[in-house]
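Visitor: Mind looking over this structure? Questions follow.
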């Protein structure tokens, strides 16, 4: 419950402050958001499975975001940024969907 | 690799039917970080509960950070209204207001034209030339000054499917798309319809008079200096059956079907019993000729009305010609 409130607080702060993102950082934002979503859903599933661990969550969150950003950066340098981004989105999207399906089974038994 | 995939999805104990898709399988079946399970196992082995609390400081901090990231990304990546879009909206607004103004002015012209017609009829009656009004009516129809109603054909011509204007924000290309209806196509079709016996023709509500031109300006088709938007609806007044019989085997009809076959330009021909071709509101008097001697005319007023027909005067001598081409009396 408290992390959910924290998420809402973060959303509010972001919406109210409306910080300007430097242009060089903007290509990484979408991938970072997908990676963060993946980590968050993984954590929710772990909580429901009864095996949540805060250190694993933090490490997986940060490494997800950093690796995703690095892949986009590398792809941009190699000229295949769009394709690599698509690959990251596909893999993380599949993971998000499976995690959400597992969460759904936990919550609704269906 | 060639093992057929079992459609029922039941797993084979010896060899999984989807053995060639281990990457996909592992991705789909174990999406959760194995780290969670390992950490839980370690904690259980150490005698601690498998899960840690979700209320530790670092989790809350990370939750706040995640929300901040989502909000920031959503706001930073939402497409902002650019200066070009604002200018475009302004232009659209101006065009629409000017078009509305033009429509209002045209309605005014039509009303004034009717008034002038009434005055003309009155003047003709007073001068006693009854047969002149018939001639006048005939000439007005030919000059395109008045609306014409009657049976006729409606020919709709449209660009090939595959909208070239799908992305309205992109810059217009200068190249000509072969799937687009060109002014020359419309010229050929309209000439074919005249040849098939059309009495009056309008394109998208613009009457084709003897002075109206169908031209290309950039990528737009201009009829009588007014741009048209696709589809192009050509309304013709005339005997529908006869026109259809004459038009389809004519050069224009064959040309139209060739356009359809080669470039996908769509066209449809429909007959109707009741069609209206509007009058040309921009008809002006350009040429006028006095009709013989002015025998006690009460109507010898200056001819400044919006009409292409000669100023009526009592002697019905030369009104039978199609268009007056005598002495110039430009307004």
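The values are calculated or read from the model by the stated rules, or taken from the named source; none is laboratory data. Keep in mind that what you see is a predicted model, and the values were worked out from it rather than measured. With ideal geometry, Cβ positions are generated from the backbone for all residues, glycine too; neighbour counts draw on all protein chains shown.
Visitor: Of everything in the stretch B:47-64, what is more than 60 Å from the chain's Cα centre (by Cα) and more than 7 Å from chain A (Cβ to nearest Cβ)? Give them in sequence order.
Guide: Pass one, the stretch B:47-64, residues more than 60 Å from the chain's Cα centre (by Cα): B:47-58.
Across the stretch B:47-64, the qualifying residues are B:47, B:48, B:49, B:53, B:57.
Visitor: Related question: Going through B:66, B:22 one at a time, which residue ends up being within 22 Å of residue A:95 (Cα to Cα), modelled with pLDDT of 80 or more and out of contact with any strand residue (DSSP E or B) (no Cβ under 7 Å at 6 or more places or on another chain)?
Guide: Numbers: B:22 fails: modelled with pLDDT of 80 or more.
On inspection, the qualifying residue turns out to be B:66.
Visitor: May I ask you to verify whether residue A:100 is within 30 Å of residue B:42 (Cβ to Cβ) and part of a helix (DSSP H, G or I)? Give the derivation first.
Guide: Working: within 30 Å of residue B:42 (Cβ to Cβ): yes; part of a helix (DSSP H, G or I): yes.
Yes: the conditions hold for residue A:100.
Visitor: So which residues in the stretch B:195-219 are buried (at least 16 other Cβ atoms within 10 Å of the Cβ), in contact with a strand residue (DSSP E or B) (Cβ under 9 Å, 6 or more places away or on another chain) and closer than 20 Å to residue B:148 by Cα, if there are any at all?
Guide: Within the stretch B:195-219, B:196, B:198, B:199, B:200, B:201, B:202, B:203, B:204, B:206, B:207, B:208, B:212 meet the criteria.
Visitor: While we're looking at this one, here's another question. Within the stretch A:1-16, how many residues are more than 7 Å from every other protein chain (Cβ to nearest Cβ) and modelled with pLDDT under 85?
Guide: Of the residues in the stretch A:1-16, 1 are more than 7 Å from every other protein chain (Cβ to nearest Cβ) and modelled with pLDDT under 85.
Visitor: Let me ask something else about it. When you look at residue A:58, is it part of a helix (DSSP H, G or I), out of contact with any strand residue (DSSP E or B) (no Cβ under 9 Å at 6 or more places or on another chain), surrounded by fewer than 19 Cβ atoms within 10 Å (Cβ to Cβ) and at the interface with chain B (Cβ under 7 Å from one of its Cβ atoms), yes or no? If you could, list the steps in order and put the result at the bottom.
Guide: On the way: part of a helix (DSSP H, G or I): yes; out of contact with any strand residue (DSSP E or B) (no Cβ under 9 Å at 6 or more places or on another chain): yes; surrounded by fewer than 19 Cβ atoms within 10 Å (Cβ to Cβ): yes; at the interface with chain B (Cβ under 7 Å from one of its Cβ atoms): yes.
Spelling it out, residue A:58 is indeed part of a helix (DSSP H, G or I), out of contact with any strand residue (DSSP E or B) (no Cβ under 9 Å at 6 or more places or on another chain), surrounded by fewer than 19 Cβ atoms within 10 Å (Cβ to Cβ) and at the interface with chain B (Cβ under 7 Å from one of its Cβ atoms).
Visitor: Got a sec? Which of A:42, A:93, A:75 is buried (at least 19 other Cβ atoms within 10 Å of the Cβ), more than 8 Å from chain B (Cβ to nearest Cβ) and touching a helix residue (DSSP H, G or I) at 6+ places or on another chain (Cβ under 8 Å)? Write out each step before concluding.
Guide: Values: A:42 fails: more than 8 Å from chain B (Cβ to nearest Cβ); A:93 fails: buried (at least 19 other Cβ atoms within 10 Å of the Cβ).
Matching residue, one of A:42, A:93, A:75: A:75.
Visitor: Next question, about the same structure. Regarding the stretch B:101-112, can at least one residue be identified that is assigned to a loop (DSSP other than H, G, I, E, B), exposed (fewer than 15 other Cβ atoms within 10 Å of the Cβ) and out of contact with any strand residue (DSSP E or B) (no Cβ under 6 Å at 6 or more places or on another chain)?
Guide: Taking every residue of the stretch B:101-112 in turn, none turns out to be assigned to a loop (DSSP other than H, G, I, E, B), exposed (fewer than 15 other Cβ atoms within 10 Å of the Cβ) and out of contact with any strand residue (DSSP E or B) (no Cβ under 6 Å at 6 or more places or on another chain).
Visitor: Another question about this same structure. Give the residue, chosen from B:249, B:227, B:324, that is at pLDDT 75 or above, part of a loop (DSSP other than H, G, I, E, B) and out of contact with any helix residue (DSSP H, G or I) (no Cβ under 8 Å at 6 or more places or on another chain).
Guide: B:249
Visitor: More than 10 Å from chain B (Cβ to nearest Cβ) and at negative phi: does that describe residue A:66? Don't jump to the end; show me each part of the working.
Guide: Working: more than 10 Å from chain B (Cβ to nearest Cβ): yes; at negative phi: yes.
So residue A:66 passes the test.
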